[in-house]
Amino acid sequence: MRMRNKYRKPTTLRCNAGTRCSFPVLVWSLVGCLLMLHLYSLVRHKDGVGGEIQTHMDHHHHLFRELEEVEEEDIQIPPPKGKRSPRAAKRRPKRPTTLIDEFLDESSQLRHVFFPDEKTAIHPMKDAMNDSFYYYPGRIWLDTDGNPIQAHGGGILYDEKSRKYYWYGEFKDGPTYRAHKKAAARVDIIGVGCYSSKDLWTWKHEGIVLAAEETDETHDLHKSNVLERPKVIYNEKTGKYVMWMHVDDANYTKASVGVAVSDSPTGPFDYLYSKRPHGFDSRDMTIFKDDDGVAYLIYSSEDNSELHVGPLNPDYLDMPHVMRKILVGQHREAPAVFKYQGTYYMITSGCTGWAPNEALAHASESILGTWETMGNPCIGGNKVFRQTTFFAQSTFVLPLPELPGSFIFVADRWNPADLRDSRYVWLPLTVGGAADQPLDYNFGFPLWSRVSIYWHKRWRLPYMRTENK
Ligand code: GAL
């Protein structure tokens with residue numbers, strides 16, 4: 001794959017032959033050239049499908065380009081209104097000076113930049129032809145009934161049976177408040193929203209597939225508690241759809257995972273139980289189903305200072321006592337795991353509540369580790385955009401089977417002033433080129449491929465055209 005922008009590193013092969021080698025090494029490389037190429041193809045194609053994927057990638061080469069355009073952003077912070085005397089300036093609290101301050105300041109004039117109003121909403125039933133299939137990160141996104149999609153902290157399941165995508169997430173269409181002065185902003189549990197789509201753009205609301213408990217205060221899902229980051233996977237052996245989620249009390253001290261199950265992707269899901277996985281506290285979490293059908297739970301633990309990963313039982317309803325600690329001491333959360341050509345990748349965020357922070361990409365040869373941190377995957381926008389994951393937080397990475405090596409990065413732009421009005425930031429994510437760090441080499445080849453998430457004000461999947469609709 002060719003470089004598309006200044007941030008992109010050359011491909012592994014070119015890097016090795018062109019930039020890093022001194023003359024004697026080059027001679028040796030030539031002598032061992034055939035052997036190396038053979039080795040390289042073995043390493044890259046070890047999962048047995050590499051050859052096929054490579055052909056697809058060449059075929060789709062021009063399509064990748066569209067996703068990998070680098071778009072800059074130039075947001076100006078408006079100057080303070082009127083001139084103030086130095087004295088008055090001293091007395092008054094300092095006005096916010098950074099874009100992040102502006103983002104978090106409820107009275108900021110700039111909030112429309114991050115949270116544009118209904119006039120610009122993505123309306124799949126109205127935006128016929130010209131605007132069809134375009135994603136506008138941060139804009140209100142309406143379902144087929146014309147209501148804003150409520151699927152925050154979500155995950156997407158592709159259901160082979162119905163050939164539809166199902167998007168599950170926190171249904172937060174209620175008032176935002178604080179349980180007490182020092183508590184984080186919250187919305188009472190309403191339940192898990194579910195939306196279905198064939199094209200990943202037009203979403204039909206399938207209802208609340210797991211609802212809050214209204215009366216029983218001892219129930220995990222009593223509305224006064226917390227239900228976050230629901231993820232659903234399908235179990236081929238049992239024919240059941242299994243949901244895992246973060247279940248907590250209002251103060252985040254329960255720190256557990258909850259499990260629910262259904263015969264249908266559109267529910268209703270039966271809530272089974274909650275537990276502390278492997279006996280540890282568990283907050284932000286995700287589920288990853290591997291190609292061999294083994295599913296894994298990945299969760300932030302030890303007060304978010306590290307992540308834990310462990311397999312689920314074959315029925316996906318519980319887990320054995322097998323667990324590895326990963327990214328220890330790195331304080332990461334919001335994990336989103338995906339796999340490409342036999343390598344596991346993960347995007348995480350830092351731990352700053354609803355406020356955005358810098359994403360990191362990680363890679364590992366085995367899902368149980370050792371995971372290595374490769375740096376910030378965000379490209380384009382501007383520096384502040386890249387340092388704040390485009391003012392959003394990871395929740396899921398969706399593979400695009402039509403474009404191997406391409407994924408949709410699914411993130412939440414939280415609006416702590418009004419959580420129901422939190423937005424979705426969907427952006428193209430690609431794997432390719434050498435990672436920024438750690439620059440370890442194996443047989444002279446960089447060990448990890450770079451993960452890149454490209455900022456776009458507006459974009460669409462290159463194979464989506466109105467005539468497909
Ligand atoms: C974030 C977390 C969210 C939610 C929030 C509450 O760190 O990723 O899922 O728990 O804190 O403040």
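The numbers here are math on the coordinates, done by the rules we state, and not lab data. These figures come from a predicted structure and were not determined experimentally. Cβ sites come from the backbone with ideal geometry, for glycine too, and all protein chains shown count toward neighbours.
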In segment 219-277, trypsin sites (Lys or Arg not before Pro) in a DSSP loop with at most 14 other beta-carbon atoms within 10 Å: Lys237
Residue exposure sequence - Phe269, Phe338 - by fewest surrounding Cβ within 10 Å: Phe338, Phe269
Computed E for Asp199/Val328 - FRET, C-beta separation, R0 51 angstrom, nearest 0.05: 0.80
Fewest-first ranking of Glu236, Glu228, using other Cβ atoms within 10 Å as the exposure measure: Glu236, Glu228
Karplus-derived 3J(HN,Hα), 6.51/-1.76/1.60, for each residue of segment 154-169, Hz, glycine and proline x: x, x, 10, 10, 9, 9, 4, 5, 8, 6, 10, 8, 10, 10, 10, x
Sequence of Arg420, Arg65 once ranked by neighbouring C-beta atoms within 10 Å, starting from the fewest: Arg65, Arg420
Segment 232-248 - phi-based ³J(HN,Hα) in whole Hz, Karplus 6.51/-1.76/1.60, Gly and Pro as x: 10, 10, 9, 9, 4, 5, 9, x, 10, 9, 10, 10, 10, 8, 8, 10, 8
Sparse-neighbourhood loop sites, trypsin sites (Lys or Arg not before Pro) in segment 159-208 - DSSP loop, at most 16 other Cβ within 10 angstrom: Lys161, Arg163, Lys181, Lys182, Lys198
Extension reserve of the Thr352-Val113 stretch, reckoned as 0.36 nm per residue once the Cα distance is removed: 83.9 nm
Modelled FRET efficiency - R0 51 Å, Leu272 with Gln76, Cβ distances, 0.05 increments: 0.50
Amide H within-cut-off set for Trp141, under 5 Å, with H built and near neighbours excluded: Ile122, Ile149
Amide H partners (placed H, <5 Å) of Lys164, local residues excluded: Asp159
Mean separation of Cα contacts under 8 Å, 6 or more apart, over the residue count of segment 216-338: relative contact order %: 18 percent
Kirkwood Rh and Cα Rg combined as Rg over Rh, evaluated for segment 263-421: 0.96
Ellipsoid semi-axes in whole angstrom, largest first, where each is sqrt(5λ) of the Cα gyration tensor of segment 227-339: 22, 16, 11
All Cα pairs of segment 409-469, percent lying beyond 13 Å: 74 percent
Computed lengthening from Asn313 to Asp263, 0.36 nm per intervening residue step minus Cα-Cα distance: 16.2 nm
For segment 427-443, Karplus couplings with θ = phi - 60° (6.51, -1.76, 1.60), whole Hz, Gly/Pro x: 9, x, 10, 10, 10, x, x, 7, 5, 5, 7, x, 8, 8, 10, 10, 6
Gain on full stretching of the segment that runs from Asn130 to Asp159 - 0.36 nm per residue minus C-alpha separation: 7.5 nm
Cross-link table Lys198/Lys289; Lys164/Lys275; Lys240/Lys339; Lys126/Lys223, entries beyond 28 Å C-alpha to C-alpha: Lys164/Lys275; Lys126/Lys223
Net charge, Pro314 excluded, C-beta distance under 13 Å - Lys, Arg +1, Asp, Glu -1: -2
